[in-house]
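*Asks:* First the structure, which I've put down as structure tokens, then a few questions once you've had a look.
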Number of protein chains: 2
Amino acid sequence: MSDYVLRPADHARYDRAKFAKMNLVAGHRLGLGLNCFEPGQLQSTHTHADADKFYLILSGKARMRVGEEIVHAEAGDLIWAPAGEPHGVEAALERTVMLVGIAPPPGR
Amino acid sequence: MSDYVLRPADHARYDRAKFAKMNLVAGHRLGLGLNCFEPGQLQSTHTHADADKFYLILSGKARMRVGEEIVHAEAGDLIWAPAGEPHGVEAALERTVMLVGIAPPPGR
């Protein structure tokens, strides 16, 4: 088992109660994880005052918000939420898996 | 044109002289870009003493190095190179596009 290579899509799992989050790698300066949504699940709009964040849609489709923009995102799209910009997922339109990166990670 | 959403794969371009690098987004804490390789092109092994880095293979295949490990990476694989760990691309085995993230970005 390598410490350095993994397939994010293989780590996806779902929770019927709310969208599922899992960590993939935890550096001091960067953390990477997955956010996995069942259709209709959401992530409330929130802001990281001091962290830059991205979502890369690995599969599925979702209606997302960044700042004042509503974004219709699908597999292959990169969503960028720089520090201070409110962002969230208004609704997954199908089962959706997002690679998420945040720098610095929470707690650092 | 949104400031917050883009399709990384649409930004790929190639250089016959050496692998091509392009920036996608530039935050204060996180930078994202593409590394695009023609078959056989390489990125020399190098180390970022104070930055965490990842590669996500968007398309293609490459033989990569992290630390003492040789990794055969293909589309969907995430390669993690935490600060201080030597890493590079020994050879792209076909045309290969990698999303690359580094925190903090060079010069920050």
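The values are calculated or read from the model by the stated rules, or taken from the named source; none is laboratory data. Just so it is clear, the model here is predicted, and its values are computed rather than measured. Backbone-built Cβ (ideal geometry, glycine too); neighbour counts: all protein chains shown. The accessibility values were calculated without ligands, DNA or RNA, using every heavy atom of the protein model including side chains. Shrake-Rupley method; radii C 1.70, N 1.55, O 1.52, S 1.80 Å.
*Asks:* For segment A:1-55, which trypsin sites (Lys or Arg not before Pro) are both in a DSSP coil and crowded by at most 12 other Cβ atoms within 10 Å?
*Replies:* Sparse-neighbourhood loop trypsin sites (Lys or Arg not before Pro): A:R13, A:R16, A:K18.
*Asks:* For A:D15, which inter-copy label distances result when the label point lies 7 Å beyond Cα on the Cα-to-Cβ vector, reported in nm to one decimal and in ascending order?
*Replies:* 4.5
*Asks:* Could you work out which residue, out of A:I57, A:I79, A:I70, moves most in a Gaussian network model of chain A, that is, has the largest mean-square fluctuation with Cα springs under 10 Å?
*Replies:* Top of the fluctuation ranking is A:I70.
*Asks:* Follow-up question, since we're still on this one. So how strong a dipole does the protein assembly as shown carry about its Cα centre when Lys and Arg Cβ are +1 and Asp and Glu Cβ are -1, to the nearest 20 debye?
*Replies:* 20 debye
*Asks:* Tabulate in residue order the Karplus-calculated ³J(HN,Hα) for segment A:49-56, using 6.51 cos²θ - 1.76 cosθ + 1.60 with θ = phi - 60°, rounded to whole Hz; enter x for Gly and Pro.
*Replies:* 5, 10, 9, 8, 9, 9, 10, 10
*Asks:* Looking down the axis that turns B into A, which residue of B has the closest beta carbon, and how many Å out?
*Replies:* B:A103, 2
*Asks:* Rank these residues by their accessible area, most exposed first, probe 1.4 Å: A:H28, A:H87.
*Replies:* So the residues, ranked largest to smallest area, are A:H28, A:H87.
*Asks:* Too long at a 23 Å Cα-Cα cut-off: which of A:K61/B:K53; A:K61/B:K61; A:K21/B:K21; A:K53/B:K61; A:K18/A:K61; A:K61/B:K21?
*Replies:* Checking Cα-Cα distances, A:K61/B:K53; A:K61/B:K61; A:K21/B:K21; A:K53/B:K61; A:K61/B:K21 exceed 23 Å.
*Asks:* I'd like the Karplus ³J(HN,Hα) series for segment B:64-76: coefficients 6.51, -1.76, 1.60, θ = phi - 60°, whole numbers in Hz, and an x wherever there's a Gly or Pro.
*Replies:* 10, 10, 9, x, 8, 8, 9, 10, 9, 9, 9, 3, x
*Asks:* Keeping all protein chains in the complex and leaving out DNA, RNA and ligands, what accessible area do you get for B:L58 with a 1.4 Å probe, in Å² to the nearest 10?
*Replies:* 60 Å²
*Asks:* In whole percent, and with a 1.4 Å probe on the protein chains, what portion of the accessible area of the protein assembly as shown is carbon and sulfur?
*Replies:* C and S atoms contribute 47 percent here.
*Asks:* Okay, moving on. List residues of segment B:1-42, by number, whose backbone nitrogen lies under 20 Å from a label position 7 Å along Cα→C-beta of B:L93.
*Replies:* B:19, B:35-42
*Asks:* Ignoring ligands, DNA and RNA and using a 1.4 Å probe, state the total buried accessible area between A and B in Å², rounded to the nearest 100.
*Replies:* Using a 1.4 Å probe on protein heavy atoms, the buried area is about 3000 Å².
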